[in-house]
Structures are given as C-alpha cells and as structure tokens.
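The block underneath contains the structure these notes are about, expressed in structure tokens.
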Amino acid sequence: DAGVTQSPTHLIKTRGQQVTLRCSPKSGHDTVSWYQQALGQGPQFIFQYYEEEERQRGNFPDRFSGHQFPNYSSELNVNALLLGDSALYLCASSLLGSYEQYFGPGTRLTVT
Amino acid sequence: AQSVTQPDIHITVSEGASLELRCNYSYGATPYLFWYVQSPGQGLQLLLKYFSGDTLVQGIKGFEAEFKRSQSSFNLRKPSVHWSDAAEYFCAVYTGGGNKLTFGTGTQLKVEL
C-alpha cells in the first residue's frame, strides 16, 4: 500500500518565479492538506482540499494556491516567490472526518 | 486561539537513559493530541495519539504519552532511549473545523553513545 508521495524532492527557484509542487495521497484517502515547515520551526497549515474544493485556509497570502484533481491528488502553487518561501513543504492525506493525517516526505524548496 | 508549546528546543540523553519531552497546549475544547517524529530530511511519522479514554497512551517504538488535563500537558516518554531515536519530535493538537493540525516548534533529541 503506497503511502503519501510528493514530487519533486528538491527544487531551486529564483525570486519572482512560480513553482508547482505535487502530492498523491495514501490509497483510500480523499482529503489533502498542505503545510509549510521553515527551518527550525514546526509545520504551519497552508490549506486543505476535499472534493476539489479548498475547505480551510491558514494565514498564507493569495500567492499560495492549490488544486485537487478527481483522483484526489493535489498541487500547491506559489507565485512571485520570495526568499522567505524557502522551506520544506509537506503534504498530508486523510479521510474526511478522521483526525489522523499521514505525511509525505516533503519537497524542499530553495528560493535564491 | 489554539497553540502548542514545546519548552525544550534541544535535549541530549545518553543511550539507555529515560526520556521525557514536554508539551503544553492551549485549546478551549477537548483536545485531540499527537506526537510526531521527523528524521533529518524526512516527513513526519505519527508516534501516538490521544482522543479520549485512558490518559496514558502507548505508541510505536516503545514511546508513551500521558494526557493531564489539569496541567494542559501531553508529555512524551520512553524508558530507555536508543541511538536511533535521535530526531526531532513535534507535538500537535487537532483543531476542529477542517482537520487542521497546530504544531509546536519541536524538540531536537540528541542521543549520546
């Protein structure tokens, strides 16, 4: 049974560019959440998707957007990258209504 | 607003010694609490969780945690630490209305051989 997968593993971008990160949830899960983990910090909730709709959003600007596809996979898009967007981006999947979230290995984004 | 505090940024223990990592939460309703572990360059692995019932919960890798409502705490313990336990540990509280987890800032555990 495949767990949560994310791609790419690492990414280097320049300020002002745009980036797309991808996530495939654990088999059977229908809900995907995205978190940003800056160096030395705990993960911070960005947003959550269910049935291709954004259900809840954390305190992140509109430069951060997402999408969920019919197969439940998800993308995180960040526009106009800033140096401060450098972080590990974690995807977590769950079943709607479940309290347990399963995390992927993350995508390390470096903005130069 | 809900929050999680992990007072210890770094902890060093000798292999074979006991371990306790502290976690305090602030949440108005009954909390659902979690401990996750993160090895370098890896994602988060769930160690254990508390939803209700017995306040002492057992997890994977020999870890346990005790929920104390009066102290708003959910401390993680292990009787005998192994070198492979060196990692970063995060306490988190689930907040209703969207499966959102609020994390503490983490405790980095170093194990001396």
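From the set of residues in region A:101-112 that are under 16 Å from A:Ser74 (Cα atoms) and not in a loop (DSSP other than H, G, I, E, B), which is nearest to the chain's Cα centre (by Cα)? Here the answer is A:Thr107. Considering only residues in region A:32-56 that are outside any loop (DSSP other than H, G, I, E, B) and more than 12 Å from the chain's Cα centre (by Cα), the one that is nearest to A:Ser93 (Cα to Cα) turns out to be A:Tyr50.
Provide a single number: the residues in region B:23-35 that are touching a residue at least 60 places away in the same chain (Cβ under 8 Å) and closer than 13 Å to B:Leu76 by Cα. Please lay out each step first, then the result.
Looking only at region B:23-35, we keep the residues that are touching a residue at least 60 places away in the same chain (Cβ under 8 Å), and these are B:23, B:25, B:27, B:29, B:31-34.
Now drop any that are not closer than 13 Å to B:Leu76 by Cα, which leaves B:23, B:33-34.
Summing the residues that are touching a residue at least 60 places away in the same chain (Cβ under 8 Å) and closer than 13 Å to B:Leu76 by Cα in region B:23-35 gives 3.
Inside region B:9-32, residues that are under 12 Å from the mean Cα position of the chain (by Cα), at pLDDT 95 or above and either within 13 Å of chain A (Cβ to nearest Cβ) or under 13 Å from B:Gly104 (Cα atoms) (or both) make up a count of 4.
Note on region A:65-100: among residues that are assigned to a strand (DSSP E or B), at the interface with chain B (Cβ under 9 Å from one of its Cβ atoms) and hydrophobic (A, V, I, L, M, F, W, C), the one that is surrounded by the fewest Cβ atoms within 10 Å (Cβ to Cβ) is A:Leu88. Of all residues being of a type outside the set (Ser, Thr, Tyr) and in contact (Cβ under 8 Å) with a residue 12 or more places away in the chain in region B:46-57, which is surrounded by the fewest Cβ atoms within 10 Å (Cβ to Cβ)? Just the residue, please. If we take residues in region B:46-57 being of a type outside the set (Ser, Thr, Tyr) and in contact (Cβ under 8 Å) with a residue 12 or more places away in the chain, then B:Phe51 is surrounded by the fewest Cβ atoms within 10 Å (Cβ to Cβ).
Select from region B:58-80 the residues that are crowded, with 20+ Cβ neighbours inside 10 Å and over 10 Å from the mean Cα position of the chain (by Cα) and write down the one among them that is farthest from the other protein chains (Cβ to nearest Cβ). If you could, list the steps in order and put the result at the bottom.
Going through region B:58-80, the residues crowded, with 20+ Cβ neighbours inside 10 Å turn out to be B:63, B:65, B:67, B:74, B:76, B:78.
Restricting the remaining residues to those that are over 10 Å from the mean Cα position of the chain (by Cα) gives B:67, B:78.
Values: B:Phe67: 14, B:Lys78: 21 Å.
Filtering region B:58-80 for residues that are crowded, with 20+ Cβ neighbours inside 10 Å and over 10 Å from the mean Cα position of the chain (by Cα), the one farthest from the other protein chains (Cβ to nearest Cβ) comes out as B:Lys78.
Answer with yes or no whether A:Phe103 is aromatic (Phe, Trp, Tyr) and away from every other protein chain (no Cβ under 14 Å). No; evaluated as a whole, the condition is false for this residue.
If you go through region B:42-56 one residue at a time, do you hit one that is β-branched (Val, Ile, Thr), farther than 23 Å from A:Val4 by Cα and facing another protein chain (nearest Cβ under 10 Å)?
Keep residues of region B:42-56 that are β-branched (Val, Ile, Thr), which gives B:55.
Next, only the ones that are farther than 23 Å from A:Val4 by Cα stay: B:55.
Now drop any that are not facing another protein chain (nearest Cβ under 10 Å), which leaves none.
No, every residue in region B:42-56 fails to be β-branched (Val, Ile, Thr), farther than 23 Å from A:Val4 by Cα and facing another protein chain (nearest Cβ under 10 Å).
The values are calculated or read from the model by the stated rules, or taken from the named source; none is laboratory data. As the structure is a computational prediction, the values presented were derived from the model and not from experiment. FYI the Cβ positions are ideal-geometry reconstructions off the backbone, even for glycines, and counts take in every protein chain you see.
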